[in-house]
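Novice: The following block contains the structure, expressed as structure tokens.
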Amino acid sequence: MEDQTIINALILGVVEGVTEFIPVSSTGHILLLGHFLGFESTGKTFEVLIQLGAILAILTVYSARLWNLAMALPSDHASRRFVFGILLAFLPAAVIGVLAHGFIKQVLFESPALICTTLFVGGVILLWVDRLPLKPRYTNVIDYPLSLCFKIGLCQCLAMVPGVSRSGSTIAGSLLMGTDKRSAAEFSFFLAMPTMAGAFAYDLYKNRDILSMDDAYIITIGFVASFVAGVFVVKGLLDFVSRHGFTPFAYWRIAVGLLGFLGLYLFG
């Protein structure tokens, strides 16, 4: 295995961990960066499987809260409703992800121009939403109604298109439906757990026969880098969003989309 492949896997893992939980599309970033680095993974599995590192980052940072939630389930109705709400929100993406898996991996993942477009357009939309004079009705994820959870889950389905952003679509949808910025980001964290775990398990199952030990090695490198970077992002993101909103991420998306178009024009 070439040293450059290992370096690329490390870079892409860090990018995954940094971008997974902010509304900029981690998949769009690593697919676009991988395109310009000349990085090719077997069956595009690397880009999906390294999300396991981001999952473990959430579990690590939220371990105490998840434990308390699990302990409260037998006796606390609000906790049971919240867990059911997360599973309900996960359901639409699970169904569409299974039905459209081949199209997503073979067509959408291979379209860097599409990714640049969705990054740019998504940035404009996020900028617009962040500046709306919205009056939040829900400020605690535990109190989200089940109907709201399901609608947020429908919004998450937009992220099947790389560049849209799973967290971006859920956060923007949440804000438009009456949540505040901090709880919208937090609900996105919780929803990421079953969503990314499901994507990891299904993609591994679909590609189990074509992966080699070399593939496992570079995936492990990307996974570790994703985990370390993800821990730092999860720890600080909610406070950052509370102070600055989502405008910085919107401008970042627009800039990356435009730079991506320029790179495609210059280098193909």
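Computed from the coordinates by the stated procedures, all read-outs in this text should not be read as laboratory data. Since the structure is predicted, the reported quantities are computational estimates derived from the model, not experimental observations. Cβ atoms come from the backbone with ideal geometry, glycine included; neighbour counts cover every protein chain shown.
Novice: Which of (1) touching a helix residue (DSSP H, G or I) at 6+ places or on another chain (Cβ under 8 Å); (2) surrounded by fewer than 19 Cβ atoms within 10 Å (Cβ to Cβ); (3) outside any helix (DSSP H, G or I) is the odd one out, the single condition T60 does not satisfy?
Specialist: Only one criterion is unmet by T60, namely (3).
Novice: In segment 16-42, how many are of a type in the set (A, V, I, L, M) and without any contact (Cβ under 8 Å) to a residue 60 or more places away in the chain?
Specialist: Total meeting the criteria: 3.
Novice: From the list S41, S75, which one is on the phi < 0 side of the Ramachandran plot, over 14 Å from the mean Cα position of the chain (by Cα) and surrounded by fewer than 17 Cβ atoms within 10 Å (Cβ to Cβ)?
Specialist: From the options S41, S75, the qualifying one is S75.
Novice: Out of segment 22-43, which residues are assigned to a helix (DSSP H, G or I) and not aliphatic (A, V, I, L, M)?
Specialist: Passing the criteria: S26, T27, G28, H29, G34, H35, F36, T42, G43.
Novice: Looking at L73, L31, L59, L52, which is the one that is under 24 Å from A159 (Cα atoms) and in contact with a Lys or Arg (Cβ under 9 Å, 6 or more places away or on another chain)?
Specialist: L31
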